[in-house]
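The values are calculated or read from the model by the stated rules, or taken from the named source; none is laboratory data. All of these numbers come straight from a predicted model, not from anything done at the bench. Counting neighbours? That spans all protein chains shown, and the Cβs are built from the backbone with ideal geometry, glycine included. Just so you know, the surface numbers come from the protein's heavy atoms only, side chains and all, with ligands and any DNA or RNA stripped out. Shrake-Rupley method; radii C 1.70, N 1.55, O 1.52, S 1.80 Å.
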Amino acid sequence: MKNEIQKKQIAILGSTGSIGTQALEVISENDSLFEIYALTANNQVDLLIDQARKYNPEMVAIGNEAHYLQLKNALSDLPIKVFAGADSIAQVAEMQPIDMVLTAMVGYSGLKPTMNAIKAGKKIALANKETLVVAGELICELAAQHHVSILPVDSEHSAIFQCLAGEGNNPIEKLILTASGGPFRTKTMNELEHVTSAQALKHPNWEMGAKVTIDSASLMNKGFEIIEAKWLFGVSPEQIEVVVHPQSIIHSMVQFVDGSIKAQLGMPDMKLPIQYAFTYPERLKTNFPRFDFNVCSQFTFERPDLERFRNLSYAYYAMEKGGNMPCVLNAANEVVVEAFLKDKIGFLQMSDIIEDVLMKAEFVAKPNYDDYVKTDELVRVITRELIK
Ligand code: MN
């Protein structure tokens, strides 16, 4: 019931994606604590309809306006407000009763709604890492200005966040992000020439959406995550290390100035970091499968291979260069991933094109919001030209 004010009112932006659907499961399992205020999706109208009928939110919004009538008609017997268009998603995020906004949409499209939610003083559970990649400085300034906390949902950043709990201002020496290495970890350069998008979509450990699965295979996901970590935890690029840990049980680590390393471990299941963001600083009992040291008795670690997976070096380059470079990196990547998913370019070509774009794009040292919008648009055009 909407007037039980003690229930946390949650808006899920991107409710039909992998994170969105898992967040709804977390909320179902804890329905005395949480209530869905708003659900938004971009294209998957049928699933959005099912979710709206099941969770009975105050409002729903669909990004693609072509689906508006179908959505409106399907929910006409319920008192749910229905909106359409990208702007409506950004507006939904700022509705007064919402306590927390889970940003689980894909890519650059998350930027505007996240900014609106922060300006409206909403707590952010951040799953859309591209927001911080594209405009980390702007987002962090806004969040500070509006006294809004950003709680990480990405498993690595949730792990670091959990390792930092109780540490007060103890200085961090470095953050160690773990990477599974993806499905192509052991492939040779020659084999990588011929891998297909279907192979890339088979991740060994994590169940995720198509975009982030391709990014995982190419290590761009880890590249984005180092940039995300820089902004979330206020460390410098030299303090961020990536280590490949194929078992994906250690989700990331923090090394403090005394040399002590803290790690967070668990089964690879996104429901845990989602729930932790919702309940922080508390922990709630779950029935998720537990890690068993008798089943997995060996943890291994290796250095990421920056020759086969160049995207990670491009991300370090963009992070160190700063300004609009991470925004350039993201826009180029969104375009090449789409082309790879449609089998228009090969796996290694994604990195070739990204490198070209990083060299060609105009550098803006201190971008404002409009500069990010312009950079994103221009880079998409440049990248599409290179794909032709
Ligand atoms: Mn991650």
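Quick notes on this structure:
- Residue in segment 165-178 that is within 16 Å of the ligand (Cβ to nearest atom), in contact (Cβ under 8 Å) with a residue 60 or more places away in the chain and assigned to a helix (DSSP H, G or I) present: no
- Scanning segment 251-273 for residues that are out of contact with any Gly (no Cβ under 8 Å at 6 or more places or on another chain), over 22 Å from G234 (Cα atoms) and of a type in the set (A, V, I, L, M, F, W, C) yields L265, M267, M270.
- Of all residues in segment 370-388, those satisfying the criterion of being open to solvent by less than 60 Å² (accessible area, probe 1.4 Å) and either more than 11 Å from A332 (Cβ to Cβ) or not assigned by TED's automatic domain parsing to the domain that holds K360 (or both) are D371, Y372, V373.
- Residue pairs meeting the criteria (Cβ under 7 Å; at least 6 apart or on separate chains; first part of a loop (DSSP other than H, G, I, E, B) and open to solvent by 10 Å² or more (accessible area, probe 1.4 Å), in segment 135-155; second away from the ligand (no atom under 16 Å from the Cβ) and not small (G, A, S)): H146/I118; H146/K119; V148/I118; V148/K122; V148/K123; V148/I124; S149/K123
- Within segment 203-232, being of a type outside the set (A, V, I, L, M, F, W, C) and farther than 14 Å from A315 by Cα holds for H203, P204, N205, E207, G209, K211, T213.
- Residue satisfying all of: in segment 289-312; without any contact (Cβ under 8 Å) to a residue 24 or more places away in the chain and surrounded by 12 or more Cβ atoms within 10 Å (Cβ to Cβ); farthest from T186 (Cα to Cα) among these: L306
- Filter pass, K271 being more than 29 Å from E25 (Cβ to Cβ) and basic (K, R): no
- Output for segment 96-125, where each listed residue is buried (at least 19 other Cβ atoms within 10 Å of the Cβ) and part of a loop (DSSP other than H, G, I, E, B): I98, A104, M105, V106, K122
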